[in-house]
Each structure stands twice: as C-alpha cells, then as structure tokens.
Amino acid sequence: MSKIEHKQQLSQTDAAAGNGSAERPPLPELLAVRRAKARQLLPPGETQFPYSFPDTKPIQEVHEHFAHLAAGEETEEVRRVAGRLAARRGQGKAAFMDLVDRSGRIQLHARLDVLGEEAFNRLLQIDLGDLLGVQGIVMRSNRGELSLRIDDYRVLAKSLRPPPDKHHGLADVETRYRQRELDLMSSEEARQVFIDRARIVSAVRSHLDQRGFIEVETPVLQPLYGGALARPFTTHHNALDRTLYLRIATELYLKRCIVGGLERVYELGKDFRNEGISTKHNPEFTMVEWYEAYADYLDEATRTEELVGDVARAISYSGELDFESPWRRVGFVQAVQEATGIDIMAHHDAPSLAGAIAASEAIASSGLSLDTDGASWPQLADDLLSKFVEPHLRQPTFVIDYPLELSPFARAHRSQPGLAERWEAFAGGMEIANAFSELNDPDIQRERFEAQRRLADAGDEQTQPYDQLFLEALEHGMPPTGGVGLGIDRLVMLLTGRSTIREVVLFPAMRS
C-alpha cells in the first residue's frame, strides 16, 4: 500500500466511524458500518472476540517502570496492555495510536514490517472506541513519548457506537449524568473523581477499623423509618403483606447494637429520603454513621476532625479548605444572631403555637426573606440557620448546642437549659456531618417521641415516628454514647472540588 493510499484509508475509516473532523453520517448508517467491520476485525478462522486477555499491566505502571528511558531508547522488555482506542495518526508504513485504561494513556507504535501486511491492514480498520489488547516492547520515541511497539494485538470488543468527540468530550451535562459510561470514557477528570471517591471510602473505613470500630449491616427495608427528620420512600412486601420503608438513617439500629454490647460500631451505606433534588441533595445518598460507647459529642468532634484530616491526606487534597485540627466552633444561637440579629431562644419558652407566631413576627420585622407561613418554631429555627448561616461557613466549622426541639435523639445540654448536646459540621457552605451526645433515658425519649407526634399531627411531614421497639431497647440500658453521621457524597464533593452532588454520584436520579 502506498503512503497516499494508507492516508486515504485512515481518513475514510475515521469519517465513517465519526472519529474525524468530517461530518458524521446518520447513526443507523454508522451502526451498520461498524457491525460490518466487527466481522472483518476477527482473525482468520475465528468467529468471536476473545474471552480474556491475561497478564495485562496498568498503563500507569508501564509509565512508572520505564520512566528512566531516554528519547530514542528502546528496551527488550515485553509488556501487555489493554484499553480503549482514543486516537490515532498514520505515517506511511507506520501508525500511531493512543490507548487508554483507567490509569492513563500510552502511545502505540504499529509498523508494517513488524506486523506484516495482513495484520497491519486489519489494524487500520479499527475504530476509535474499540477495545484493544496489545503486546510489544517498550520504547521512548525520538520526541520523548513513552510508547509500546506493537508486536501482536487482539481486538477484544467492537464499539458499535462512535465515542464522544475526542477533542470536546461530552458538552451536554444531562448526557454526562444519564450515560455516565460516556463521561468516564471521554474524560480522564471524570474517571479520577470516582477513583478518588473509592479511595475516600476506603480511608474512612480504614480510620474507623484501626480504632476498634466494627462494621455492621442493618436493614435497608424497615417496618418503621427513623433516625432523622425526613420523608421516606414507601414500598410493600407481598409475602409479609406489610408496608415497609427505605431507611432514612441507620441510627436507631446502630444504637440497639450499642445496647447489645458491641460498644463501637459503624455502617457505611445508602440512605434514602423522598425529598427535593438540588446541588446538595440526591434521593439516595451514602452516609457513614458511627456510635461509640462512653463518649460524648465533644469527643466525636475531635474524632471527626481526625478522620476527615486523614481522608484528605489519603488523596493528597490540596484545595483551599483547611481540614487540619482544630476546626472553628460556634454556638447555634450565637451563629443565628450574628447572621440575622434574631435571638431565636427569646421565643423558646412560649407555648408551641405562640412561640412560632412570635418567632415569625421577629423574622418579619427584621426584613429577612423567609417563608414563615404555618411553620413551627423548630422549623423556623432550622430555616434561619440553613438559609442565613450555612451558606457562609466555608472553612470547616462545628455549629454546636442546638435547640432541644431540633434534636429528638440528643441529650439535653448539661449546663444550658433549652439546648441539646448536638453539633453539625459545615464546610464549603454546606452541612457534612451531624452528631449528638446520644439520649439514653427511655422515659425522656418517650416524651420526645410524643412531642414529635404532636408536630406531625399539626402538619409537619418531617418528624420522627414513635418507635416502641427502640424504646424497649433503651429500657435495657444504653451506656453514655456519642454518635456521628457523615455524608460521604458531600465529603467527596469537597475533596474533589465539585460543586454539585451529581458530579460525584455515578448514576444520579434524573427526571424522565
């Protein structure tokens, strides 16, 4: 084949496959062309692509092992790599291709005199997006790029659909979220986010495991949801003929493990809340909750600082947030008053309806933009923090000592009436964790459940149901306990510099 013919063949192949600058044919035509090529790419006598391609090395490992090679230097060492074809260039009797796996990219150097005419010409029929296994010697080109000279290759799978544009990737955000495989295929940055996410999860588990916590698993389908103030997803179990709920938190079951004597437990997994979707909220999300006997909320603040600091170091975080201990601490009442001028506790001792009305009037007179219609006093207190304090907490901060009504599972503050021993941790303008000195008095817990029931009867949809089994567990005696819930998705957002939760959830919930 002449040099001109070879260039023409590359150009025609790329245009038909949608890989070059030429306008792409309609998708059905592309699919037909690529299906026909799939048969042509099989070696003579074979009817299907290989079942495996053993002894492959990650591309990054090849780069690291041969980093010492000088420009123009060639080794005699053979390596096998596999991945997706991402680019190619042709020069007469040679072709250059880029192969990508999750660890990186490497240049492939194909030569007519090495492969022979039949194998070399078949290689030129490969489309961008096809999966290729390659064996060859490692070398560094005269231009200084580490390369693998192809001595042998196998097409491992045929991509019937053209990949995203090699220069612009996926410009449409909706497509990136709905078809994450295309995002991962076309973007090294997207792949790195989810590699980092896996390392973050591993580092969280490692930190807790090394400190004597044991990982347990509690039900996802629960006969009664609890452990948070949220609306659940509801389902029906046919065999049991009963309504069940996807869990909104793991708290109550984990505290029953503490009652049983496990003393330090955690669970890392999915929770589900039937609520709105935003840059910070997805209906299914990942949380780690841990509970520790003989500790309180201040102990858990220290543990959280240490855990998040370790996780940040595990992925070599270098952003603007400072996760090193100690984090700033500010009281709930003080934080709200500094941001709004309202002393929310001034209306705390009034009866519930009168307190809500007084708080609403104070908010209206202050000129703040906040919907107070029909809101309870606890809702107003929480809304003031969420809207006027939370967005401004950029550096890691503990907001401590919440109003008791916002904390149905926290112990009353040991020295400040009306407050609970609870904190929430914020960073990057959003909540990332929540913790209590856990309430362990069954009689007080029963009173709290009754108060939640009254709020529900008044129309509040985000209340804690009355859980008799949990009360019975507390009646067996639960030691003093500190507990924390840490949002994994939001932690990943902070540590990878992402501004929306959909960037760090592989397949987020989307409208139809």
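The values are calculated or read from the model by the stated rules, or taken from the named source; none is laboratory data. The model shown is predicted, which means the values in this text are computed figures rather than measured ones. Cβ sites come from the backbone with ideal geometry, for glycine too, and all protein chains shown count toward neighbours.
See the values below:
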{"read-out": "Subset of segment 36-54 (residues that are part of a helix (DSSP H, G or I) and within 13 Å of D130 (Cβ to Cβ))", "value": "K37, A38, Q40"}
{"read-out": "Every pair of residues 6+ apart whose Cβ atoms lie under 6 Å, when the first sits in segment 327-347 and is within 11 Å of Y402 (Cα to Cα) while the second is of a type in the set (D, E, K, R)", "value": "G331/D401; F332/D401"}
{"read-out": "Residue count, segment 252-272 (criterion: in contact with a His (Cβ under 9 Å, 6 or more places away or on another chain) and either farther than 19 Å from R411 by Cβ or not assigned by TED's automatic domain parsing to the domain that holds L224 (or both))", "value": "1"}
{"read-out": "Among the residues listed as L506, L486, L495, L471, the single one being farther than 30 Å from R178 by Cα and among the hydrophobic types (A, V, I, L, M, F, W, C)", "value": "L471"}
{"read-out": "Residue match in segment 339-350 (condition: at pLDDT below 85, outside the structural domain of T250 (by TED's automatic domain parsing), crowded, with 17+ Cβ neighbours inside 10 Å and farther than 29 Å from V308 by Cα)", "value": "yes"}
{"read-out": "Residue among Q464, Q468 that is touching a residue at least 40 places away in the same chain (Cβ under 8 Å) and of a type outside the set (A, V, I, L, M, F, W, C)", "value": "Q464"}
{"read-out": "Condition met for L439 (within 13 Å of K255 (Cα to Cα), in the same structural domain as I248 (by TED's automatic domain parsing) and aliphatic (A, V, I, L, M))", "value": "yes"}
{"read-out": "Counted residues, segment 375-399 - those being in contact with a Gly (Cβ under 7 Å, 6 or more places away or on another chain) and crowded, with 20+ Cβ neighbours inside 10 Å", "value": "2"}
{"read-out": "Some residue of segment 238-247 being assigned to a loop (DSSP other than H, G, I, E, B), surrounded by fewer than 18 Cβ atoms within 10 Å (Cβ to Cβ) and modelled with pLDDT under 95", "value": "no"}
{"read-out": "Odd one out for L252, checked against (1) over 19 Å from the mean Cα position of the chain (by Cα); (2) of a type in the set (A, V, I, L, M, F, W, C); (3) outside any helix (DSSP H, G or I)", "value": "(3)"}
{"read-out": "Unique match (being at pLDDT below 95, more than 16 Å from the chain's Cα centre (by Cα) and surrounded by fewer than 19 Cβ atoms within 10 Å (Cβ to Cβ)) among E263, E275", "value": "E275"}
{"read-out": "Considering residues of segment 469-499 that are among the charged types (D, E, K, R) and under 19 Å from the mean Cα position of the chain (by Cα) only, the residue surrounded by the fewest Cβ atoms within 10 Å (Cβ to Cβ)", "value": "R498"}
{"read-out": "Some residue of segment 270-278 being in contact (Cβ under 8 Å) with a residue 12 or more places away in the chain, closer than 20 Å to I315 by Cβ and not aromatic (F, W, Y)", "value": "no"}
{"read-out": "Unique residue being in a helix (DSSP H, G or I), aliphatic (A, V, I, L, M), in contact with a His (Cβ under 6 Å, 6 or more places away or on another chain) and not assigned by TED's automatic domain parsing to the domain that holds V216 when the list is A358, A354", "value": "A358"}
{"read-out": "Enumeration of residues in segment 87-111 that are within 15 Å of Q125 (Cα to Cα), crowded, with 18+ Cβ neighbours inside 10 Å and aliphatic (A, V, I, L, M)", "value": "A95, M97, A110"}
{"read-out": "Count - residues of segment 294-326 that are surrounded by fewer than 18 Cβ atoms within 10 Å (Cβ to Cβ) and either of a type in the set (D, E) or not in a loop (DSSP other than H, G, I, E, B) (or both)", "value": "10"}
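Residues are listed down the side, and each one gets a yes or a no for (1) surrounded by 19 or more Cβ atoms within 10 Å (Cβ to Cβ); (2) of a type outside the set (S, T, N, Q); (3) not in a helix (DSSP H, G or I):
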| residue | (1), (2), (3) |
| --- | --- |
| R161 | no, yes, yes |
| T175 | no, no, no |
| L184 | no, yes, no |
| E189 | no, yes, no |
| Q192 | no, no, no |
